[in-house]
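See structure below.
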Amino acid sequence: MTNLVFRVNKTSTDSNYATAPANFKTAVPANDSLIFSAGSDVVADGLAVPTQAEINRAATQLGDDPIEVAKYFLASAGDNLLYQIFNAGSVDKRYVFCASFDGATASEPQLEAWDDSTMLTHALDCLGGTTPANSYYRAISTTGSTPGASWTGTPLAGSGSSNIILLNNGSGALSAATDLYFNFKILIPGGLTTPQLYQPILVVVYTTN
């Protein structure tokens with residue numbers, strides 16, 4: 001069985017995992033989480049994992065115009081630290097989020113977003129509600145190249161072909177151990193009047209022989 005290890009680049013250096021493994025932090029899916037924030041004195045790189053109240057106080061502020069979430073963190077339960085993912089967002093950075101496979105796969109790994117771990121619905125407003133194309137969550141595969149400056153990306157919501165990204169650039173299943181990469185951002189539309197707390201999940205889906 002082929003195993004997946006998920007890693008994030010915790011530096012501002014745009015190097016791949018094979019070249020600079022020390023730049024990456026391994027995530028433990030059962031314990032760790034991603035935090036999306038405007039940042040604050042207590043929600044910052046290298047500090048202890050904040051409380052829910054501290055996260056709420058550092059939330060992105062709504063406005064009349066669309067706004068991109070400014071900061072992305074991995075909250076590591078093992079060492080109780082926040083690791084900022086400096087190169088995430090609308091920047092021309094390639095080696096940001098890394099999905100490392102230790103062998104071949106039977107299908108091409110793809111990135112999806114769902115309401116929760118049951119992976120049955122994608123009805124949250126942040127995933128577009130009844131319109132997946134309106135999802136705030138955007139991603140782009142960077143396995144083959146950088147995304148370009150101010151990239152648009154694909155709105156993530158469920159498993160529909162228009163709302164997932166193929167992590168191997170559409171080249172199909174993996175024939176051997178491989179590191180795949182993507183970048184990710186959250187773009188909140190303007191004109192929203194009611195703050196919300198969302199906790200959807202991102203998942204890499206693949207099959208093995």
Practice task
Would you work out the charge dipole size for the chain about its Cα centre, treating the Cβ of every Lys and Arg as +1 and the Cβ of every Asp and Glu as -1, and quote it to the nearest 20 debye?
Solution key: 280 debye
Completion exercise
Using alpha carbon centers only, the stretch 124-147 is separated from the stretch 47-106 by a whole-angstrom value of 15 Å
Fill in the blank from the handout: Under the 7 Å Cα-to-Cβ spin-label approximation, residue 117 and residue 77 lie apart by a distance in nanometres of 0.8 nm
Exercise for the section: Against the globular-protein guess of 2.2 N^0.38 Å, express the Cα radius of gyration of the stretch 40-154 as a ratio, rounded to two decimals. Expected result: 1.21
Fill in the blank from the handout: For the chain, averaging the sequence separation of alpha carbon pairs under 8 Å that lie six or more residues apart and dividing by its residue count, the contact order in percent is 26 percent
Handout entry: Global geometry of the stretch 1-58, whether rounded, prolate or oblate, following the gyration tensor of its Cα atoms and the 1.5 cut on a/c
Key = oblate
Handout entry: Convex hull projection area averaged over all views, the chain, Cα basis, nm²
Key = 11.5 nm²
Problem - Selection from 110, 6, 39, by position along the positive dipole direction of the stretch 1-151 (Cβ) - result: 6
Fill in the blank from the handout: When the chain is treated as a Gaussian network with springs between alpha carbons less than 10 Å apart, the largest mean-square fluctuation among 109, 155, 195 is found at 195
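Just so you know, all these numbers are worked out from the coordinates, no wet-lab data involved. It should be emphasised that the depicted structure is a prediction, and the values quoted were computed from it without experimental measurement. A quick note on method: Cβ atoms are made from the backbone with ideal geometry, for glycine too, and the neighbour counts reach across all protein chains shown.
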